[in-house]
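What follows is a single structure, written as structure tokens, with notes after it.
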Amino acid sequence: QGQALKDFLKLNEIKWDQIYDNKATESRIAKSYGIKTTPYSILVDGETGKIIAMGTATAGINLQRTLLAAVMKKIQSFQKKP
């Protein structure tokens, strides 16, 4: 299963980090973030490493809204800097 994921990511040129644990929702990381289903997306600020959104905010059409809000917030923070 792990190799199939690696092949898929390479074939589809997916460049963002992926975490795979064959224990799924029983894995240590899933339990620490309260993940109850897979797949599960967590949006992280690439500059700060802080979690921007997760769960339903990163699912389906909500991901577009969440990304737009995050980008707008980032733009506003740049505009405030001297």
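Summary value for the chain: 13 percent relative contact order, contacts being C-alpha pairs under 8 angstrom separated by 6+ residues. When the chain is treated as a Gaussian network with alpha carbon springs shorter than 10 Å, the biggest mean-square fluctuation among Leu67, Leu11, Leu43 belongs to Leu11. Loop sites here are trypsin sites (Lys or Arg not before Pro) outside DSSP states H, G, I, E and B with no more than 13 other Cβ atoms within 10 Å. The longest part of the chain free of them is 51-82. For Lys50 and Ala69, the difference between the fully extended length at 0.36 nm per residue and the C-alpha to C-alpha distance is 5.3 nm.
Considering only Ile29, Ile19, Ile51, the mean-square fluctuation computed in a Gaussian network model of the chain, springs between alpha carbons under 10 angstrom, is largest for Ile19. Our estimate of slack between Thr37 and Lys15, defined as 0.36 nm per intervening residue step minus the Cα-Cα distance, is 5.6 nm.
Computed over the chain, the per-residue total of -39500 (n - 2.57) for DSSP H runs of n ≥ 4 gives a 222 nm mean residue ellipticity of -13500 deg cm²/dmol, rounded to 500. When mean projected area of the Cα convex hull in nm² is computed from the coordinates, the matching label among [x] 6.7; [y] 5.9; [z] 5.4 is [x].
State which entries of Lys23/Lys50; Lys36/Lys81; Lys6/Lys36; Lys50/Lys80 exceed 31 angstrom in Cα-Cα distance in the structure shown. The answer is Lys36/Lys81. The C-alpha atoms of the chain define a longest principal axis, and helix 2-11 lies at about 50 degrees to it.
Values in this text are rule-based calculations from the coordinates and carry no lab data. Given the structure is predicted, the values throughout are model-derived calculations rather than measurements. Reconstructed Cβ throughout: ideal geometry from the backbone, glycine too, with neighbour counts over all protein chains shown.
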